[in-house]
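Participant: One structure follows; several queries about it will come next.
The values are calculated or read from the model by the stated rules, or taken from the named source; none is laboratory data. All figures in this text were calculated on a predicted structure; none of them were measured in a lab. Note that each Cβ is placed from the backbone with ideal geometry, even for glycine, and that neighbours are counted across all protein chains shown. For accessibility, only protein heavy atoms count, side chains too; no ligands or nucleic acids. Shrake-Rupley method; radii C 1.70, N 1.55, O 1.52, S 1.80 Å.
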Amino acid sequence: MSAIAALKADLDGLKIEDNQQIVKQKSRDFFWYSPVLKKQLEDVTGDLIVTPKTEDEIIRVLKACFAADIPVTTRGAGTGNYGQAMPLSGGVVLNMADMAAVKEVKTGSVVVEAGAIMSDIDKVAREQSGQELRMHPSTYRTATIGGFIAGGSGGVGSINWGGLRDLGNVIRLRVITMEADPQILEMTGDDLQKVMHAYGTNGIITEIEMPLTASYDWVDVLVGFDDFMDAVRFSDTMANQDGLLTKNIAPVAAPVPHDYFLRHQKFIRKDQSVAVLMVAPFAMAAFEAFVARQSGGAVLYRSDKANEEDLRRLPPAYELSWNHTTLRGLRVDPEITYLQVLYPFPNQVELVGKMQELFGDEVPGHLEYVRFDGDITCFGLPIVRYTSEERLNEIIRMHEENGCPIFNPHRYTLEEGGMKQTDAVQLAFKQEADPKGLLNPGKMIAWENPDYDYTSGKVFLFPGLQRG
């Protein structure tokens, strides 16, 4: 009997799927955003999907897999886009979809299971308390909260609250270790850093307490500009208006808004760059005054003045931003890809302009304004008109040589992608919590190959970068 067949017998009574087409489907994420990863990961699949309903069932799976040396890769909704939760070594894909309860809504926080969809969490929190999560990815309607914590770094709301790993943006995690006798750990404070943005390589997150903030019926706004840098300067100034409450500010260079935002196309000229914003309804009069003070911008669309037909058919502004900008582009032009860039404060506008001069329409700009180490700056998720891996690497090199660090979405390891360095805390915790290295193997270079000198390349280290 094969090890997988024996495991199936051992886990009899649990929800198991071994149809290989379904297993392969559940073994994938949005890795195909990257033409590089598409070639590398196309054939990756697990051997078995197990969908637990309780922590006891997770412990049963982990015990059996530990005894049989079978890898376990935890999966949320599969909305990540660089192979974070793809099982490189096969084995069990632990699907958290059936652990999705919103357990308790309190003043200032919510307690949920890891498989809860983020929009579902907000629906309950709004109905019960008029509150919502501080931040979410553009995949808000499909992404799980556990997947966001294990693989994300920020998103819609980061203009106010910073990065996901900033102290206070997660309150508590409940984590199960991968040992002969798995432990259940409660983590708060600095201990949270052991497992956040670790791709599930050193523990299974089962329960989460997240902070909440006041909920609003956010107004979606598009402001058009004849020049992208005018959109950037407008957005930069807007992001620094302390009294104007926004949830997202994203300038996007022409022709991307017209060509890729198909349902909004009637509002946008092909040569127009656009700032995509979410503004609190009580702040709209102040926002109108702010726009009037600026030069060159014109409001193209606002959801609070849209007709019923447009409100039904138009996606929300957050689905024009962050990685949804690229997703909409890929539906129109499957040959494009993207990068993840930091434009460090205080020179962010100058650096954006420099990159636009260097690359022009080969790398159309797309920025997301965020609070980073207490300062307002911007991340870039620019579109790349892909021609070859060699040219892609050259574009990356040119960004970094000009002081714009790249968090490479064309790599699937922690060190080469979001972290830029080995996280010593996460590595030490993995040695304790996953002594056989069975959790999501292949994603942490420092574990797989301790002698690998990833620092021989261009690695940018400055305060806050370790946040992922």
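Participant: Which angle from 0 to 90°, rounded to the nearest 10, does the C-alpha axis of helix 284-293 make with the longest principal axis of the chain?
Facilitator: 50
Participant: Near Ala275, within a Cβ-to-Cβ distance under 13 Å, what is the net charge of the other residues, with Lys and Arg +1 and Asp and Glu -1?
Facilitator: Working: positive: Arg233, Arg302; negative: Asp220, Asp226, Asp227, Asp230, Asp236, Glu368.
With Lys, Arg at +1 and Asp, Glu at -1, the net is -4.
Participant: Moving to a separate point now. What is the dipole size for the chain, taken about its Cα centre, with +1 at each Lys and Arg Cβ and -1 at each Asp and Glu Cβ, in debye to the nearest 20? Don't jump to the answer; show the numbers that get you there.
Facilitator: Values: 46 positive and 64 negative charges, 148 e Å.
Roughly 720 debye, rounded to the nearest 20.
Participant: Let me ask you something else. Taking the chain as the reference, fit the longest principal axis to its C-alpha atoms, fit the long axis of helix 55-68 to the helix C-alpha atoms, and give the angle between the two in degrees, 0 to 90, nearest 10.
Facilitator: Its long axis makes an angle of about 60 degrees.
Participant: Apply the Karplus curve 6.51 cos²θ - 1.76 cosθ + 1.60, θ = phi - 60°, to the phi angles in region 194-205 and return the couplings in whole Hz, x for Gly and Pro.
Facilitator: For region 194-205, the Karplus curve yields 5, 10, 6, 6, 10, 6, x, 7, 9, x, 9, 6 Hz.
Participant: Which order do the peptides 27-33, 190-196, 408-414 come out in when sorted by mean C-beta neighbours inside 10 angstrom, highest first?
Facilitator: On the way: 27-33: 21.4, 190-196: 19.4, 408-414: 23.0.
For the peptides 27-33, 190-196, 408-414, the packing ranking is 408-414, 27-33, 190-196.
Participant: Using Cα pairs under 8 angstrom and six or more residues apart, how large is the relative contact order of the chain, in percent? If you can, show how the numbers build up before the last one.
Facilitator: On the way: 1012 pairs, mean separation 73.0, N = 468.
Across the chain, relative contact order equals 16 percent.
Participant: How big is the antiparallel share of DSSP beta bridges in region 1-114, given as a percent to the nearest 5? Walk me through the numbers on the way to the answer.
Facilitator: Values: 6 of 13 bridges.
Just about 45 percent of them are antiparallel.
Participant: Quick one: pull the percent of accessible area on the chain belonging to carbon and sulfur, 1.4 Å probe, ligands and nucleic acids left out. Mind dumping the intermediate values first?
Facilitator: Values: 8740 of 18300 Å².
After summing per-atom areas, the C and S share lands at 48 percent.
Participant: Step through the residues of region 78-84 one at a time and calculate ³J(HN,Hα) from phi using the Karplus curve (6.51 cos²θ - 1.76 cosθ + 1.60, θ = phi - 60°), rounding each to whole Hz and writing x for Gly and Pro.
Facilitator: After applying 6.51 cos²θ - 1.76 cosθ + 1.60, I find x, 8, x, 10, 8, x, 4 Hz.
Participant: Compute the projected area of the convex hull of the Cα atoms of region 137-282, averaged over all viewing directions, and report it in nm² to one decimal place. Walk me through the intermediate numbers first.
Facilitator: Details: hull surface 42.5 nm².
That works out to 10.6 nm².
Participant: Residue farthest toward the positive end of the dipole of the chain, with Cβ of Lys/Arg at +1 and Asp/Glu at -1: which of Tyr216, Leu339, Ile376?
Facilitator: Sorting the options by dipole projection puts first Tyr216.
Participant: Going by Cα centres, region 222-274 and region 276-339 are how many Å apart?
Facilitator: First find each Cα centre; the distance between them is then 7 Å.
Participant: Here's a follow-up. Evaluate the charge dipole of region 18-123 about its Cα centre and quote only its size in Debye, nearest 20, assuming +1 on the Cβ of each Lys and Arg and -1 on the Cβ of each Asp and Glu.
Facilitator: Values: 12 positive and 14 negative charges, 43 e Å.
So the magnitude is around 200 debye.
Participant: If you don't mind, there's one more thing I want to ask. How many nm separate the modelled label positions at Ala298 and Met284, each set 7 Å beyond the Cα in the direction of the Cβ?
Facilitator: Output for this residue pair reads 2.1 nm.
Participant: Right, next: Any idea what angle helix 322-332 forms with the longest principal axis of the chain, computed on alpha-carbon atoms, 0 to 90 degrees, nearest 10?
Facilitator: The angle comes out at about 80 degrees.
Participant: Using a cut-off of 22 Å between alpha-carbon atoms, which lysines can reach Lys354, once sequence neighbours fewer than 8 places away in the same chain are excluded?
Facilitator: In chain and number order, the partners are Lys458.
Participant: Where does the chain land at 222 nm, in deg cm²/dmol rounded to the nearest 500, when only DSSP H runs of n ≥ 4 count, each adding -39500 (n - 2.57), divided by all residues? Numbers along the way, then the final one.
Facilitator: Working: 16 runs with 142 residues, N = 468.
Helix-only estimate at 222 nm: -8500 deg cm²/dmol.
Participant: Here is a further query. Lys266: which lysines have alpha carbons under 27 Å from its alpha carbon, excluding same-chain residues fewer than 8 sequence positions away?
Facilitator: Straight-line reach from Lys266, under 27 Å: Lys247, Lys305.
Participant: Please give the FRET efficiency for Glu400 paired with Glu179, using the beta carbon to beta carbon distance and R0 = 45 Å, rounded to the nearest 0.05. Walk me through the numbers on the way to the answer.
Facilitator: Values: r = 40 Å, r/R0 = 0.88.
Efficiency, rounded to the nearest 0.05: 0.70.
Participant: Label-point separation (nm) for Thr387 and Ala428, each offset 7 Å from Cα along Cα-to-Cβ?
Facilitator: Simple spin-label model gives 4.8 nm for this pair.
Participant: Can you give me the accessible area per residue for region 272-423, using a 1.4 Å probe, in Å²?
Facilitator: Working: 5910 Å² over 152 residues.
Accessible area per residue: 39 Å².
Participant: Which residue, chosen from Trp161, Gly200, Met178, occupies the Cα position most advanced towards the positive end of the dipole of the chain, where the dipole is computed from +1 (Lys, Arg) and -1 (Asp, Glu) charges on Cβ about the Cα centre?
Facilitator: Selected residue: Trp161.
Participant: What list of ³J(HN,Hα) values in whole Hz, one per residue of region 375-386 in order, does the Karplus curve 6.51 cos²θ - 1.76 cosθ + 1.60 (θ = phi - 60°) give from phi, with Gly and Pro shown as x?
Facilitator: 9, 8, 9, 9, 9, x, 10, x, 5, 10, 7, 6
Participant: List the lysines whose alpha-carbon lies under 23 Å from that of Lys430, not counting same-chain residues fewer than 8 positions away?
Facilitator: Straight-distance partners of Lys430: Lys63, Lys194, Lys420, Lys443.
Participant: Rolling a 1.4 Å sphere over the protein heavy atoms, what is the accessible area per residue of region 58-104, to the nearest Å²? Walk me through the intermediate numbers first.
Facilitator: Values: 1390 Å² over 47 residues.
The answer is 30 Å² per residue.
Participant: Rg (Å, one decimal) plus Dmax (Å, integer) for the alpha carbons of region 284-340?
Facilitator: 15.2, 42
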